[in-house]
Amino acid sequence: MVVSYLQHFLTEYYIDPIVHGASYNPVNTLTWGILLGIAIFGLLKLLEKLRIEVNQRFIITALPYMLVGSTLRVMEDADIFAPPIRYLFITPLIFFLIAAVCIVILLALTELRKIGKIGDVGVPFLYLGAVWESLSLFILLSTQDMIKLWVLPAVLGLSTTIAIAIYLIARRFDVMWLKGINGVIIWAHLFEATSTFIGVDFLGYGEKHVISAFMIDYIGTGAVMYPLKLLTILPILYIIDRHLSDEPKTGNLAKLAILMLGLAPGLRNMLRMMLEI
């Protein structure tokens, strides 16, 4: 009986949402959040062992891999992959897949550095990610029709305009911690908020995340994502800068994860809308 209940629980809250592409639920949302925290801690220890500095430069070199995750996710949306392989490209498994590939690449580059074949891990790591993203994007766009091209300037333009306005207001009041990588993170989450707003309000898409879906249904517009994002991200960035200043590696890795959680779904949303998937 216990085994039967456990199977039902795992199927309902974890397996079915992945296999059938259903919305998130409170149980798996909490679980994925805990696993993300554990993964960040484990990755930090691994990077320390590999003597890879976790700084803002490292965050920049990891950007292509975030884009790869989004592109592969849209390829799954477009049914380019067949079961059971396709399940690896569904959130959150795609995040763990990309992380595993990144670890393998970093291990290989570290070995090359040890034997003197390369002098720096960051640059080749960036280039390999850029090549992977370019190939993935080429495959996606060569198999799908670009139907709503206007979505690209609409999402990028609106999110960038709002981000610039926030930056100017912050500078006016000497809120200097909203610059640099923090500014990029804020833009990334405004980017996702804009993609959700346009998708929900103008193109008939729905929101899958538990809190976001509740707020959109309650308020009646995807525009609620803007205050929701700012009220969530700004305090987190402030806490990281204020309380993790003595542990920059931990803070930077946390910022990398936060950046990924905004940029990756935002790009996926935008590509889906452009391709009408």
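Any read-out appearing in this document is the output of simple, stated calculations on the displayed coordinates, not a laboratory observation. Here the structure is a predicted model, which means the values were calculated and not measured. A quick note on method: Cβ atoms are made from the backbone with ideal geometry, for glycine too, and the neighbour counts reach across all protein chains shown.
So the values come out like this:
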read-out	value
Helical segments meeting 30 Å axial Cα length and Kyte-Doolittle -1.0 threshold in the chain (DSSP H)	26-49, 56-77, 93-114, 122-143, 151-172, 181-202, 248-275
Distance between the stretch 84-148 and the stretch 4-61 - C-alpha centres, whole angstrom	18
Percent of Cα-Cα distances greater than 35 Å, calculated over the chain	19
Val104, Val3, Val74, Val27 arranged by Cβ crowding within 10 Å, fewest neighbours leading	Val3, Val104, Val27, Val74
Radius 15 Å from Cβ of Pro248, net charge of other residues (Lys, Arg +1; Asp, Glu -1)	-1
Whole-number percent relative contact order across the chain, with pairs defined as alpha carbons under 8 Å at least 6 apart	28
Cα-centred dipole magnitude for the chain, charges only on beta-carbon of K, R (+1) and D, E (-1), debye, nearest 20	800
Spacing of the two label points (7 Å from each Cα toward its C-beta) at Leu50 and Val101, in nm	1.5
For the stretch 127-203, radius of gyration divided by Kirkwood radius, i.e. Rg to Rh on alpha-carbons	1.09
As computed over the stretch 106-246, the Cα convex hull volume per residue (Å³)	181
Protection-proxy order for peptides 107-115, 262-270, each taking the mean of Cβ atoms within 10 Å per residue, highest first	262-270, 107-115
